[in-house]
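Reviewing the structure listed below.
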Ligand SMILES: [Zn+2]
């Protein structure tokens with residue numbers, strides 16, 4: 001997925017990209033390892049819809065539209081690879097090795113993609129304060145002077 005994304009977006013190995021994974025299972029790992037997109041550097045975001053899909057976008061300034069591509073593992077295409085397909089559809093439990101083996105052979109043959117444009121959000125100013133509830137420092141996001149833990153506690 002990473003290779004295909006880089007090629008479609010015409011970005012080099014050293015160029016910064018942003019990745020949005022639609023599942024927290026397996027998929028985020030190669031991007032953290034090979035593309036240095038991590039949760040910590042905000043290169044990687046996860047929106048867990050349980051889909052084997054990823055959107056890769058070029059690094060672009062806030063407020064602009066970034067060129068991107070959404071790539072999915074396509075169940076119509078994995079049919080040709082019985083072990084991979086069974087694993088994907090969870091209809092059988094082939095071994096990890098068997099799945100990886102087929103996945104390597106299949107490569108981009110099992111992927112579908114669509115070019116997209118993604119608006120880059122404006123950077124919010126970071127405002128750190130001490131929570132009035134627990135006394136711990138936190139990054140303020142709304143109007144509350146309480147951290148999210150204390151907000152949730154006071155709801156009950
Ligand atoms: Zn608190």
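The values are calculated or read from the model by the stated rules, or taken from the named source; none is laboratory data. Just so we're clear, the structure is a prediction, and the values are computed from it rather than from any experiment. Here Cβ is always computed from backbone atoms with ideal geometry, including for glycine, and neighbour counts include all displayed protein chains.
Suppose the filter is surrounded by fewer than 17 Cβ atoms within 10 Å (Cβ to Cβ), part of a helix (DSSP H, G or I) and touching a helix residue (DSSP H, G or I) at 6+ places or on another chain (Cβ under 9 Å); does residue 3 pass it?
On the way: surrounded by fewer than 17 Cβ atoms within 10 Å (Cβ to Cβ): yes; part of a helix (DSSP H, G or I): yes; touching a helix residue (DSSP H, G or I) at 6+ places or on another chain (Cβ under 9 Å): yes.
Criteria met by residue 3.
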- Item | Condition broken by residue 115, with the remaining ones in (1) surrounded by 11 or more Cβ atoms within 10 Å (Cβ to Cβ); (2) modelled with pLDDT of 95 or more; (3) within 20 Å of the chain's Cα centre (by Cα) satisfied | (1)
- When you go through (1) within 16 Å of the chain's Cα centre (by Cα); (2) in a loop (DSSP other than H, G, I, E, B) one by one for residue 54, which number turns out not to apply? (2)
- Task: Sort out which residues of segment 7-30 are within 15 Å of the chain's Cα centre (by Cα), outside any loop (DSSP other than H, G, I, E, B) and surrounded by 14 or more Cβ atoms within 10 Å (Cβ to Cβ), and write them in order of number.
- Result: 17, 18, 19, 20, 21, 28, 30
- segment 116-156, residues that are near the ligand (Cβ under 8 Å from one of its atoms) and part of a loop (DSSP other than H, G, I, E, B): 131, 132, 133, 134, 135, 136, 146, 147
- Out of (1) closer than 30 Å to residue 84 by Cβ; (2) surrounded by 12 or more Cβ atoms within 10 Å (Cβ to Cβ), what's the single condition that is false for residue 104? (2)
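Return yes or no: is residue 107 over 22 Å from residue 18 (Cα atoms), more than 13 Å from the ligand (Cβ to nearest atom) and either outside any strand (DSSP E or B) or touching a strand residue (DSSP E or B) at 6+ places or on another chain (Cβ under 8 Å) (or both)?
For residue 107, the condition - over 22 Å from residue 18 (Cα atoms), more than 13 Å from the ligand (Cβ to nearest atom) and either outside any strand (DSSP E or B) or touching a strand residue (DSSP E or B) at 6+ places or on another chain (Cβ under 8 Å) (or both) - is not met.
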